[in-house]
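**Q** Structure below; questions to follow.
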Amino acid sequence: MKLQRANLIAIVTLVCLFLLSGPARADETDALRFDTCDEDTPLESVPVIDPWRIVRLDPTYGGQWVVAGDLDNDGAVEIVSCENVNQGDVHFTSTAVAQRLDGAVMWRWGDPDVGRKVWHHDVACQIHDWNGDGRNDVVLCTKGAVVALDGATGKQLQRIAITTDATDCLVFCNLTGGARANDFLVKDRYHRIWAYNTKGTMHWTVTDPGGYRTAHQPRPIDLDGDGKDEIMAGYAMLNSDGSVRWVFQSEKVDQKRGHLDCARVMQRGATPEAFRIALTCCGANNVALIDGNGKLLWELAGRHYESIDIGRVIPGLSGPQILVDVDHQPYGASPICVLDEKGRVVGSLVTNYSRHHGLLDWTGDGLDEIIVAHTGGIYDHRGRRIATLTTPGAEPANVKGSYEKSLPIGDMTGDGIADLMIATPQAVYIYRNTKGKKPADTIPLGTGPNFTLY
């Protein structure tokens, strides 16, 4: 057994080195601050962190898609979990259940006999003040309809008929410049987006925006400060009226090979030129940084970069940094990279499976730690595991026919500091961030608006 384990470690190490030696510029090697591999079984000296709360999901209506917020205006967080249906890559939400952090069920909705508890995509259910009364509601896309439910009771507030396959995800935005986000987007898997207001009036629809497929989740961004959101619909940025504002064009890859995986604002500004938007290209194997006019600033091609977090991991570097995973790799050799604002790789960590991750200041030192859901590992700016989040009673993840742990982040205690969660199909594990600092801007209770796996 010891010999087999030694051979496995050697093989994983060689695979890590091979992956990390992919396409790179000359200055990337000089910039590298850490280059590490981590196994699922950490050293005994690494401390473990037990959950502050474990919410066992309702066994009949609960599912792994989890969003959180204050549903009854009592100042405390509740969670909503969902099952979903996949029929020929057309998805819709089939159940929803609201639970308090002690596990008590507030209400249940839907048909628990048709859906599944796991996912491999976003599930169209969000928490949002639907009617502007100052209270959160639960809004979801079920088969052929958008349904708004009262957050405290689950009572149906409104039902809006939509195209049957327009249930892939749900995004709230402000397309009219009003006082609040009173509009929403729905979409099919990769081609068409519809924009509505909460009265059910359709503003516009678009197919293959800019000549490319849509993203997994459209991203609202007010680029010009007029109070109206522009929409990063895929590789095309749309104006608030649905017209194409500009289209991102790579200099290195064929974007028609896939679609936009993820887009995150790295820097905001007074003008579109001052914005910085990081994005990843599924299928085309690319990560890039553009400004608010779509101008390419840099790109790195050659790997299937997937999801992006923005923060500061490495001390002594100016500007924000990008954390991005490289997906579709062999189990045991799954890289996650830190890029600086110039596109240089400044850190690389390989775990067994790095797909779902986050950045959070867990130690209170002003730097973000890297958190990987599958390993439960918290990693510092040198790529070292400094703690392990335990998930008591959870079934093993990422084995054949199993599931991927997700990592929602948000204020779950009401102290204004973001906490960690790990979600499985049976339970949500919440870890209180006791050393983190309050950010300059107030953060919402729970997972916030437009939660996404991407």
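The values are calculated or read from the model by the stated rules, or taken from the named source; none is laboratory data. Only a predicted model underlies this, so the values are computations on that prediction, with no experimental measurement involved. All Cβ positions, even for glycine, are placed from backbone atoms using ideal geometry, and neighbour counts span all protein chains on display. Just so you know, the surface numbers come from the protein's heavy atoms only, side chains and all, with ligands and any DNA or RNA stripped out. Shrake-Rupley method; radii C 1.70, N 1.55, O 1.52, S 1.80 Å.
**Q** Run the paramagnetic zone check for Arg257: 7 angstrom along Cα to Cβ, then residues of segment 285-308 with backbone nitrogen under 19 Å.
**A** Answer for segment 285-308: 285-289, 298-307.
**Q** Residue by residue through segment 66-75, what is 3J(HN,Hα) from phi via Karplus (6.51 cos²θ - 1.76 cosθ + 1.60, θ = phi - 60°)? Round to whole Hz and write x for glycine and proline.
**A** 10, 10, 9, x, 7, 8, 10, 6, 9, x
**Q** Simple spin-label model, 7 Å along Cα-to-Cβ: His120 to Val105 in nm?
**A** Distance between the two pseudo-spin positions: 3.0 nm.
**Q** So for the chain, averaging the separation of alpha carbon pairs under 8 Å that are six or more residues apart and normalising by length, what relative contact order in percent results? Can you show the working numbers first?
**A** Numbers: 1221 pairs, mean separation 69.5, N = 454.
After rounding, I find 15 percent.
**Q** Another question about this same structure. Could you give the spread of the C-alpha atoms of segment 369-429 along their three principal axes, from largest to smallest, in whole angstroms?
**A** Extents along the principal axes: 36, 31, 16 Å.
**Q** Take the alpha-carbon centre of segment 244-319, take the same for segment 92-136, and report the distance between them in whole Å.
**A** 32 Å
**Q** If you roll a 1.4 angstrom probe over the protein chains with everything in place, what fraction of the accessible area of the chain belongs to carbon and sulfur, to the nearest %?
**A** On the way: 9080 of 18180 Å².
Reported share for carbon and sulfur atoms: 50 percent.
**Q** Now, a different point. With θ set to phi - 60° and the Karplus curve 6.51 cos²θ - 1.76 cosθ + 1.60, what are the ³J(HN,Hα) couplings of segment 131-142 in order, to the nearest whole Hz, using x for Gly and Pro?
**A** Values per residue, Gly and Pro as x: 10, x, 8, x, 10, 6, 10, 10, 10, 9, 9, 9 Hz.
**Q** Which net charge results when you count Lys and Arg as +1 and Asp and Glu as -1 among the other residues whose beta-carbon is under 13 Å from that of Gly377? Working shown, then result.
**A** Numbers: positive: Arg384, Arg385, Lys405; negative: Asp38, Glu39, Asp40, Glu369, Asp380.
Counting the neighbours of Gly377, the net charge comes to -2.
**Q** For Thr142, which sequence-distant residues (separation of 5 or more, or a different chain) have an amide H within less than 5 Å of its own amide H, given hydrogens modelled in the peptide plane?
**A** Thr93, Val147
**Q** Something else now. Which lysines does Lys295 reach when only Cα atoms under 16 Å apart count, and residues fewer than 8 places away in its own chain are ignored?
**A** Partners found: Lys252, Lys342.
**Q** A further question follows. At 1.4 Å probe size, with every protein chain present, just tell me what the per residue accessible area of segment 235-333 comes to in Å². It would help to have the intermediate numbers written out before the result.
**A** Working: 3560 Å² over 99 residues.
That works out to 36 Å² for each residue.
**Q** Still on this structure, I have one more. Could you work out how much longer the chain between Ser318 and Ser243 gets when fully extended? Use 0.36 nm per residue separation minus the Cα distance between them, nm to one decimal. Write out the running numbers ahead of the final one.
**A** Numbers: separation 75, 0.36 × 75 = 27.00 nm, distance 3.60 nm.
Length difference between fully extended and current span is 23.4 nm.
**Q** Over 13 Å apart: what share of the alpha carbon pairs of segment 166-211 falls there, rounded to a whole percent? Provide the component values of the computation, followed by the final result.
**A** Numbers: 564 of 1035 pairs.
Considering segment 166-211, 54 percent of its Cα-Cα pairs are separated by more than 13 Å.
**Q** Turning to a different aspect of this structure: Putting +1 on Lys and Arg Cβ atoms and -1 on Asp and Glu Cβ atoms, find which of Leu260, Phe248, Ile221 reaches farthest to the positive end of the dipole of segment 205-266.
**A** Leu260
**Q** Right, something else. May I ask you to evaluate 6.51 cos²θ - 1.76 cosθ + 1.60, the Karplus curve with θ = phi - 60°, for each residue of segment 99-111 and list the ³J(HN,Hα) values in order in whole Hz, giving x for glycine and proline?
**A** 9, 6, 5, 8, x, 4, 7, 8, 6, 10, 9, x, 10
**Q** Next up: By the gyration tensor of its Cα atoms, with a ≥ b ≥ c the square roots of the eigenvalues, what is the shape of segment 310-363: rounded for a/c under 1.5, prolate for a/b over b/c, or oblate?
**A** Numbers: a/c = 2.54, a/b = 1.70, b/c = 1.49.
In terms of gyration-tensor shape, prolate.
**Q** For Asn86 paired with Asp365, estimate the spin-label separation in nm (one decimal), with each label point 7 Å from Cα along the Cα-to-Cβ line.
**A** According to this spin-label approximation, the distance is 3.9 nm.
**Q** Based on Cβ point charges of +1 for Lys and Arg and -1 for Asp and Glu, what charge dipole magnitude is obtained for segment 159-267 about its Cα centre, in debye rounded to the nearest 20? Let's see the in-between values first.
**A** Working: 14 positive and 14 negative charges, 53 e Å.
The dipole magnitude comes to about 260 debye.
**Q** Compute the signed sum of charges (Lys and Arg +1, Asp and Glu -1) over the other residues within less than 10 Å, Cβ to Cβ, of Asp415. The partial results should precede the final answer.
**A** On the way: positive: Arg432, Lys438; negative: Asp411, Asp419.
In short, 0.
**Q** Working out 0.36 nm times the residue gap between Ala440 and Thr60, then minus their Cα-Cα distance, what length gain in nm do you get to one decimal?
**A** Details: separation 380, 0.36 × 380 = 136.80 nm, distance 4.06 nm.
Once the chain is fully extended between Ala440 and Thr60, it gains 132.7 nm.
**Q** Could you give the accessible area per residue of segment 364-428, probe 1.4 Å, as a whole number in Å²? Walk me through the numbers before you get to the answer.
**A** Numbers: 2070 Å² over 65 residues.
Accessible area per residue, segment 364-428: 32 Å².
**Q** May I ask for the distance between the Cα centers of segment 379-454 and segment 192-220, given as a whole number of Å?
**A** The distance from the Cα centre of segment 379-454 to that of segment 192-220 comes to 30 Å.
**Q** For Lys155, which lysines qualify as cross-link partners when the Cα separation must be under 22 Å and same-chain residues fewer than eight apart are set aside?
**A** Lys143, Lys199
**Q** Need the list of aspartates and glutamates near Lys228 for cross-linking: C-alpha distance under 12 angstrom, and skip anything on the same chain fewer than eight residues off.
**A** Reachable aspartates and glutamates: Asp183, Asp241.
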